[in-house]
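J.: Before I ask anything, let me first share the structure, which is written out below as structure tokens.
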């Protein structure tokens, strides 16, 4: 049973949203339940704290509560429910709020900007979100979950699928590690040794400054001094690890 | 004891080892480069080999006996050249910077070695045993102490930051280049002139070198500090321009408010009438029209100013204002967002502004040819620092064909050659600053550049 939480400070809209959710669950007979619909974000936090299970959340962005707006609430919720589905309801279509996506992992945005069509917008948006949650959970059940590298920094949690990772890079004497993925790169603070231990075996430390995903290697330079990745970037190989690198690669491909 | 080729070479090795180490240290200091053990070992190693070989050869060829000190001058020039090539090759700086920094550090340490020579008694002969001992004491003990002293002094006086500051201005680069290039002449020509008249009564070279060293260091310091003062004045002027832009925009908003105040009673009256007549359809249509126009006009203005008001760091606000103004001129719609007040940043603001300037300019350059140019800027205060996010849409063909890491290469740009310097220097700044974290990715047609300034623990 998935609990659903709603937080919205406009009373009429709160009731409207609660009705829509209840109706949608009933029509499709989903295994869900409206756990709490309130205008007070603290109530939501304490409720989730009490029963920390995976849930679905619909939050208004501009809560009038001074201590906590929708995004801070989302961040708070993420502490107890890392894999929950958070959606936002907002009245501004053109907000750059989307950029928050990567920091709380937001499922969707529902825009309620035309006063005459608010009911239809909400019905469509909320319905869509719930359906996405259902299909996503089914997908998770059938396909074995895609292994992810989880990055915790103080304020955000990111899940990066291991098969998108190319390599990690660091410079000596630095705590800054750069993660190179297919889509770009990402800096974080960490230690290479801990990383090497926490990742699966096909991540190979071929150099003090490089931890390479062997699945993503395109070729090794003939003298074995560096590895070329599938996107064309290259990683150094330390002198005394050259033969081992080649051996590991051969074993891995076979 | 005969000074054979081998002996000469062996004597030269420790001497050049010390000199080269000091020179490389000076280079690293002046460049503000982080001290890398491997890099410096490579540099010092190659330099020791090269310098000991060529000094030996020059000495054996009788270069030092040439008139007019041609031999010494040439040796110094060659030494400078070696250092310059090293910087260019190992640290990968552009030629201009390499020439200036390399020349300067070579000259400083050479001068120091000459100054150390003041303890050298007259007529010392390195072909005798006691002569060699004295030579070794002077050049193994006194000279390195002097050299390190100078390096510490320069560090204490923040000389490197002066030099780096000078390097950013083209005119200064030229000037520095000329000074550096003429160093050997400056050192040896007076010596030659004096010698002719005074018949070498005392060793004039060492005091001269010391004087030259002081003059050069002082001159650089003076130029740089006056330059910094002027920069401050320019900064003030820029701030004034920014204030003007701000005020002008505020006035425009004021006008909008006045217009709205004028309108709203009429509109409300109309709504009231429709409500009285129970004309629900018309009422709803008017209401939706009202919210629409409000959102687009005044609502947007108010919202944007709320965001700007949240940036309470003047320098940063200035940069954002100027960029917003430029985007307005180019017809780019920018969604700025600063959800929480930003009161202070734990970082050098000039460097940060430079980084953000590069990132925003990148996005502008990419977006300005789009049909509907848009950009998002987010400044988010977090518990462990401040996050800047700049996001723009990319054309499909670029997004798919471009290898994202290519943009980091020097001189790479999607708009042709020689325009991608920005990102390369951005990368250099990132490497030099531990508490700057960046991430760049291209996903679902959006190019996102993030920069996080971590709080210092």
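Read the figures in this text as sums done on the coordinates, not as results from a lab. Treat the numbers as computed from the prediction; the structure is a model and nothing was measured. Don't worry about glycine lacking a Cβ; one is built from the backbone with ideal geometry, like all the others, and counts go over all protein chains shown.
J.: What FRET efficiency do you get for residue B:133 and residue A:62 if R0 is 60 Å and r is their Cβ-Cβ distance, rounded to the nearest 0.05? Let's see the in-between values first.
T.: Numbers: r = 83 Å, r/R0 = 1.38.
The pair residue B:133/residue A:62 has a calculated efficiency of 0.15.
J.: Next question, about the same structure. Taking only Cα atoms, what is the 0 to 90° angle, nearest 10, from helix A:41-50's long axis to the longest principal axis of chain A?
T.: 60 degrees
J.: Pull out the extension gain between residue A:118 and residue A:231, defined as 0.36 nm times the separation in residues minus the alpha carbon to alpha carbon distance; nm, one decimal. Mind dumping the intermediate values first?
T.: Numbers: separation 113, 0.36 × 113 = 40.68 nm, distance 4.60 nm.
Extending this stretch completely gives an extra 36.1 nm.
J.: Under a plain spin-label model, where a point goes 7 Å from the Cα along Cα-to-Cβ, how far apart in nm are residue B:351 and residue B:251?
T.: 4.0 nm
J.: Please average, across the residues of A:38-48, the number of beta carbons from any other chain that are within 10 Å of each residue's own beta carbon, and give a whole number.
T.: Going residue by residue through A:38-48 and averaging, the value is 0.
J.: Just to be sure I understand: with springs between alpha-carbon atoms less than 10 Å apart, which residue in A:193, A:158, A:205 has the highest mean-square fluctuation in the Gaussian network model of chain A?
T.: Judging by the Gaussian network model, the answer is A:193.
J.: Shape call for chain B from the C-alpha gyration tensor, a ≥ b ≥ c root eigenvalues: rounded (a/c under 1.5), prolate (a/b greater than b/c) or oblate?
T.: Details: a/c = 3.79, a/b = 2.94, b/c = 1.29.
Here chain B falls in the prolate category.
J.: Sticking with this structure for a sec: Across peptide B:442-452, how many C-beta atoms of other chains are within 10 Å of each residue C-beta, on average? Don't skip to the end; give the middle numbers.
T.: Values: counts 3, 5, 1, 0, 2, 1, 5, 1, 6, 1, 5.
Mean number of neighbouring Cβ atoms from other chains: 3.
J.: Given the rule -39500 (n - 2.57) for each run of at least 4 DSSP H residues, summed and divided by the residues of chain A, what is its mean residue ellipticity at 222 nm, to the nearest 500 deg cm²/dmol? Don't skip to the end; give the middle numbers.
T.: Details: 6 runs with 83 residues, N = 254.
After summing the helix terms and dividing by the residues of chain A, the value is -10500 deg cm²/dmol.
J.: For helix B:300-310, report the angle its Cα long axis makes with the longest principal axis of the Cα atoms of chain B; keep it between 0 and 90° and round to the nearest 10°.
T.: Its long axis makes an angle of about 40 degrees.
J.: What 222 nm value per residue comes from the helices of chain B, counting each DSSP H run with n ≥ 4 as -39,500 (n - 2.57) and dividing by all residues, nearest 500 deg cm²/dmol?
T.: Working: 15 runs with 303 residues, N = 457.
So the helix-based figure for chain B works out to -23000 deg cm²/dmol.
J.: So, one more: Averaged over A:175-188, how many beta carbons belonging to a partner chain fall within 10 Å of each residue's beta carbon? Mind showing how you got there, number by number?
T.: Details: counts 2, 9, 1, 4, 1, 2, 4, 4, 7, 12, 7, 6, 10, 3.
Whole-number average of other-chain Cβ neighbours for A:175-188 is 5.
J.: In nm, to one decimal, how far is the residue A:40 label point from the residue B:233 one, both placed 7 Å along Cα→Cβ?
T.: Modelled inter-label distance: 6.2 nm.
J.: Against the longest principal axis of chain B, how steep is helix B:314-330, in degrees 0 to 90 to the nearest 10, with axes from Cα atoms?
T.: The angle comes out near 60 degrees.
J.: Please compute the length gained on full extension between residue B:371 and residue B:182, using 0.36 nm multiplied by the number of residues separating them and subtracting their Cα-Cα distance. Walk me through the numbers on the way to the answer.
T.: Numbers: separation 189, 0.36 × 189 = 68.04 nm, distance 5.52 nm.
So the chain would gain 62.5 nm between residue B:371 and residue B:182.
J.: Once you keep just the Cα pairs under 8 angstrom separated by 6 or more residues, what percentage relative contact order results for chain B? Could the numbers behind the result be given before it?
T.: Details: 457 pairs, mean separation 46.8, N = 457.
Computed value for chain B: 10 percent relative contact order.
J.: Residues of the range B:258-300 with the amide nitrogen closer than 18 Å to a label point 7 Å from the Cα of residue A:128, along Cα-to-Cβ, please.
T.: Inside the label zone: nothing.
J.: Stretched out fully, how many nm does the piece from residue B:276 to residue B:259 gain, at 0.36 nm a residue minus the Cα gap? Intermediate results must be reported in sequence, preceding the final value.
T.: On the way: separation 17, 0.36 × 17 = 6.12 nm, distance 2.61 nm.
Here the answer is 3.5 nm.
J.: State, to one decimal in nm, how far the label point of residue B:95 lies from the label point of residue B:292, with both points 7 Å from Cα in the Cβ direction.
T.: Once both label points are built, they end up 6.2 nm from each other.
J.: If you take the beta carbon distance between residue B:383 and residue A:240 as r and set R0 to 45 Å, what does 1/(1 + (r/R0)^6) give as a FRET efficiency, to the nearest 0.05? Don't jump to the answer; show the numbers that get you there.
T.: Details: r = 42 Å, r/R0 = 0.94.
After rounding to 0.05, the efficiency reads 0.60.
J.: Shifting gears a bit: With the contact rule set at Cα under 8 Å and sequence spacing of 6 or more, what percent relative contact order holds for the range B:182-321?
T.: Numbers: 29 pairs, mean separation 30.4, N = 140.
Relative contact order here is 22 percent.
J.: Also, I was wondering about something else. I need the calculated FRET efficiency for the pair residue B:169 and residue A:196, taking r as the beta carbon distance and R₀ as 41 Å, to the nearest 0.05. Intermediate results must be reported in sequence, preceding the final value.
T.: Values: r = 46 Å, r/R0 = 1.12.
That gives a FRET efficiency of 0.35.
J.: Relative contact order for the range A:2-142: what is it in percent, counting Cα pairs under 8 Å that are at least 6 residues apart?
T.: Values: 199 pairs, mean separation 31.3, N = 141.
Dividing the mean separation by the residue count of the range A:2-142 yields 22 percent.
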